[in-house]
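The values are calculated or read from the model by the stated rules, or taken from the named source; none is laboratory data. These numbers come from a predicted model, not from an experiment. In this analysis, Cβ positions are derived from the backbone assuming ideal geometry, glycine residues included, and neighbour counts consider all displayed protein chains. Please note that ligands, DNA and RNA were not included when accessible areas were found on the heavy atoms of the full protein model with its side chains. Shrake-Rupley method; radii C 1.70, N 1.55, O 1.52, S 1.80 Å.
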Amino acid sequence: MPGRGHCPDCGSTELVEDSHYSQSQLVCSDCGCVVTEGVLTTTFSDEGNLREVTYSRSTGENEQVSRSQQRGLCRVRDLCRVLQLPPTFEDTAVAYYQQAYQHSGIRAARLQKKEVLVGCCVLITCRQRNWPLTMGTICTLLYADLDVFSGTYMQMVKLLGLDVPSLCLVDLVKTYCSSFKLFQASPSVPAKYVEDKEKMLSRTLQLVELADETWLVTGRHPLPVITAATFLAWQSLRPSDRLTCSLARFCKLANVDLPYPAASRLQELLAVLLRMAGQLAWLQVLKLDKRSVVKHIGDLLQHRHTLVRKAFRDGTSESDEQEKELPGRGAQEQGQGQRKEELGSSSVDLPEGKRPASPAPLLPPCMLKPPKRICPTPPVSTVTGDENISDSEIEQYLRTPQEVRDFQKAQAARQAATSGPNPP
């Protein structure tokens, strides 16, 4: 077959194609020399010129799956089976892993990031199908760092352009509370600490909804809030036996990790409950604190919508009330009389001349207690009085009309001196 080169041994141009197993080879018909032995079949023009092509440049590299990708695909399937996900979930997660692996930033990443990528594909699949699964659960199964996982998750969503809905808070509460080891008696859990799952879950949901209504969930990680709400729900169901148990011991008994901000979320929830307790007449005389208010959580949650409106004021309601005030004195006296009657019927008797405390504003904690801003220190400037003053700045130092006239005369004299004839 002329036009395909020449034989390196005899120089003949009679080269023919001979199929050897699954690979076609060029063989010299005159001397029988195999001209293209070992050369990979590629789409490059180098093969037409009888030049060997490296494996990295051949089409075989794109067709064969690397060991790292094969290991990742196996781990995706294993993780789906551990979580007992439906087969359709497994196929979707595998497809997402293959798409993400095509990007150079993922393919050339460290091994730790590739291990985390397995969990990201499963989490995205579950979120898209409204399957309750938390990021913390996958991090526990993979022994992965939460910061690395969240960063890889956001990068993958951005690279693939996926639309991932956020997890419903109610489903998250149900899934997270189901992992607590407090619903069956065991040697590590005393009988007085065992609680019914449905009762505990119902009260926890009410406390989480209360935290959501009072801005304690917005912009924050939900697990610390859920942990604090679960602890309060568990204490309030049997307060006589459980008030002495701390949050750290509760998490240890339940066999769950204690999130770092959970203690702060607990104090914020207790402060909200105390505000609400101050609106009930039969609780005002008890002088409750953050420990004793746990006994009355059931009553507070039963009337939580009304108590939240009374205990907290909206930022816009105060300005509306000021616009509706009448300018007349009679109207003011009438309003004061009505307020005294309302206060006398809704609160305990106050000393004469003392006004009741105004309700706290219903705002996010970041606005009630904003972080302190570091004020930059001004540069130290040493003024001696000998500095030169430019003509554009000298007007700032003129204060009296006499100084302005003197300055104009000095300028006119200076111009006359400079514009005069030069002496011979």
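Here are the numbers for the structure shown:
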read-out: Matching option when the condition is of a type in the set (S, T, N, Q) and in contact with a strand residue (DSSP E or B) (Cβ under 8 Å, 6 or more places away or on another chain), among THR175, THR230, THR214; value: THR214
read-out: Which numbered condition ALA93 misses (of (1) crowded, with 18+ Cβ neighbours inside 10 Å; (2) closer than 18 Å to LEU146 by Cα; (3) over 21 Å from the mean Cα position of the chain (by Cα)); value: (2)
read-out: In region 116-127, the residues that are modelled with pLDDT of 90 or more and either among the polar types (S, T, N, Q) or open to solvent by 40 Å² or more (accessible area, probe 1.4 Å) (or both); value: THR125
read-out: Of the criteria (1) closer than 18 Å to VAL208 by Cα; (2) of a type in the set (D, E, K, R); (3) over 31 Å from the mean Cα position of the chain (by Cα), which one ASP289 fails; value: (1)
read-out: Cross-chain or 6+ apart pairs with Cβ under 8 Å, region 357-379 first and closer than 16 Å to LEU273 by Cα, then part of a loop (DSSP other than H, G, I, E, B) and at pLDDT below 75; value: PRO361/ASP314; PRO361/GLY315; LEU362/ASP314; LEU362/GLY315; LEU363/GLY315
read-out: Complete set of residues in region 275-307 that are surrounded by fewer than 15 Cβ atoms within 10 Å (Cβ to Cβ) and under 15 Å from TRP234 (Cα atoms); value: ARG291, GLY298
read-out: Output for region 80-90, where each listed residue is part of a helix (DSSP H, G or I) and open to solvent by 10 Å² or more (accessible area, probe 1.4 Å); value: ARG81, VAL82, PRO87, THR88, PHE89, GLU90
read-out: Conditions (1) at pLDDT below 90; (2) open to solvent by less than 70 Å² (accessible area, probe 1.4 Å): number failed by ALA185; value: (2)
read-out: For GLY105: the one exception among (1) at pLDDT 85 or above; (2) under 30 Å from the mean Cα position of the chain (by Cα); value: (1)
read-out: Odd one out for GLN267 among (1) of a type outside the set (A, V, I, L, M, F, W, C); (2) assigned to a helix (DSSP H, G or I); (3) touching a helix residue (DSSP H, G or I) at 6+ places or on another chain (Cβ under 6 Å); value: (3)
read-out: Verdict on GLN235 being modelled with pLDDT of 90 or more and open to solvent by less than 70 Å² (accessible area, probe 1.4 Å); value: yes
